[in-house]
Amino acid sequence: MLFKTYSIYTTRTKHLLHRKSLINPAFNLHTRPISSLKVVWRRDPQLDHAIERDKPYKICSKVVKEVLNEPGQVIPLRYLENRRERLRLNVRISTFLNKNPALFDVYQDRIKPKSEPVRFVRVSHRLRNFLEEEKRIVLENEGWIVSKLCKLLMMAKDKVLSVDKLVHVKREFGFPNDFLVNLVPNYPNYFRLIGPPEEGKSFLELVEWNPEFAKSIIEQRAEDEFRLTGIRIRPNFYYKLPPGFFLRKEMREWIRDWLELDYISPYVDVSHLDQASQEMEKRTVGVFHELLSLSLFKRIPVPILGKFSDEYRFSNAFSSVFTRHSGIFYMSLKGGIKTAMLREAYKDGELIQRDPLLEIKDKFVQLLEEGWQERQEELRLQREEVKKNRVMVALGDGDTDGQESSRDLDGQEVK
């Protein structure tokens, strides 16, 4: 059974509800609290594979950032080896460097003037070229980055977010590492920093409300459809269960009725709504849909989303939304981390709704693949050389045996 319901009422209340539901079958469905509407989680192999496929890219990206954060962007190899567990690297650093030759150069240097030379790791020339390309892509998409940052603030209840939390999610949304230093100050009409950053109590506040930024992806999609066809449609969610998923009849009816509710923009004030109401559920789903749509990979780890529960008015049981609305979201458990994914952004496990900032990832993957191809070619040449040497040795042994045999035969003939 895919769907289960759990009541939180007393025995007497249950009895009364049961009597009323016999008179009006729809009563039980519409009076049931949303928190009790549960759908059993089922694995989606294609979406899980999308996360697994990006794992090598993420690991390499972590190591690169570790070196770039070092003074002079160089680090002794043994120091980097000591950080392997924190980087979640399951191979030795020397093995990682051999497998990814395009990223770093290894050279000998002294840690102290009179110490023995040791191996150091530094950024390769090709990686520096990529970093210049990254700057170009960020500059070309600066307007999009600014709008994303504004949107995150506009969805927050006080139009303010902690700087620490924004730094924590910069990778999910494609913000550059230095966005607080080199981007935010350039837009005083949108942003204002409050509090001293060094104390970890600074906040980013929205200064100006831009109505163009206050359109959600869903609302923009409805407007685009109207311009294209001349037919005005209601903004709403795409809802499609993948093969193998099914819902019980009463849950299907609840979803049908819930979808009929008016769409509530994540940018409107909802302080008047009851946290347990279906309208608040509609708004919460809208916020998650917008956050995932703004993210680079249309997926965000659930613990990261939980950090913004207060700012975005999420309930304590907010993660149940992702399984309750399995036709909109998927919650992957890959890697032991719950990750919320937007179903409509993927087709057959491939990302189809691509953020313009993903060009950075494409360039980085291209760099990695060039190194992998070089490594494979190097290994192929090594194997051929070993095979050639074995053949030469075998031929040499054969010639020696032939000469000895010939001498033996000559000796016998002499006799």
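The values are calculated or read from the model by the stated rules, or taken from the named source; none is laboratory data. Predicted, not measured: the structure shown is a model, and the values here were computed from it. All Cβ positions, even for glycine, are placed from backbone atoms using ideal geometry, and neighbour counts span all protein chains on display.
Working carefully through the options A345, A317, find the one that is modelled with pLDDT under 90 and over 15 Å from R43 (Cα atoms).
On inspection, the qualifying residue turns out to be A317.
Mind listing whichever residues of region 314-337 are part of a loop (DSSP other than H, G, I, E, B) and either surrounded by fewer than 17 Cβ atoms within 10 Å (Cβ to Cβ) or of a type in the set (D, E) (or both)?
S315, N316, A317, L333, I337
Could you grab the pairs with beta carbons closer than 7 Å, sequence gap of 6+ or different chains, first residue in region 53-80 and under 15 Å from L127 (Cβ atoms), second one exposed (fewer than 15 other Cβ atoms within 10 Å of the Cβ) and hydroxyl-bearing (S, T, Y)?
That search, which allows pairs on different chains as well, returns nothing.
Are there any pairs with C-beta distances below 7 angstrom linking a residue in region 249-264 that is closer than 21 Å to A222 by Cα to a residue that is charged (D, E, K, R) and surrounded by fewer than 16 Cβ atoms within 10 Å (Cβ to Cβ), with the two at least 6 apart or on different chains, and if so which?
As it stands, the answer is L261/E279; Y263/R234; I264/E279, since those pairs meet every condition given.
For residues that are loosely packed, with under 15 Cβ neighbours inside 10 Å and not in a helix (DSSP H, G or I), tally how many sit in region 91-105.
2
Exactly one condition in (1) surrounded by fewer than 16 Cβ atoms within 10 Å (Cβ to Cβ); (2) touching a Ser or Thr at 6+ places or on another chain (Cβ under 6 Å); (3) charged (D, E, K, R) is not met by E172; state its number.
So E172 meets the others, but not (1).
Within the set of pairs 6 or more residues apart or between chains, which connect a residue that is outside any helix (DSSP H, G or I) inside region 134-147 to a residue that is hydrophobic (A, V, I, L, M, F, W, C) with Cβ atoms less than 7 Å apart?
N141/L357
Would you tally the residues in region 107-148 being under 26 Å from E290 (Cβ atoms), among the hydrophobic types (A, V, I, L, M, F, W, C) and under 21 Å from the mean Cα position of the chain (by Cα)?
5
When you check D164 against the structure, is it charged (D, E, K, R) and not in a helix (DSSP H, G or I), yes or no?
no
Could you tell me how many of the residues in region 111-133 are out of contact with any Phe, Trp or Tyr (no Cβ under 6 Å at 6 or more places or on another chain), over 21 Å from I360 (Cβ atoms) and surrounded by 12 or more Cβ atoms within 10 Å (Cβ to Cβ)?
The total comes to 4.
Mind checking whether some residue in region 231-253 is more than 23 Å from M154 (Cα to Cα) and at pLDDT 90 or above?
yes
K151 versus (1) within 22 Å of G306 (Cα to Cα); (2) more than 21 Å from the chain's Cα centre (by Cα): which is the lone unmet condition?
Answer for K151: the failing condition is (2).
Name, by its number, the condition in (1) under 30 Å from D348 (Cα atoms); (2) assigned to a loop (DSSP other than H, G, I, E, B) that does not hold for F213.
Result: F213 passes all but (1).
Does Q353 count as without any contact (Cβ under 8 Å) to a residue 12 or more places away in the chain and either touching a helix residue (DSSP H, G or I) at 6+ places or on another chain (Cβ under 6 Å) or loosely packed, with under 15 Cβ neighbours inside 10 Å (or both)?
In short, no.
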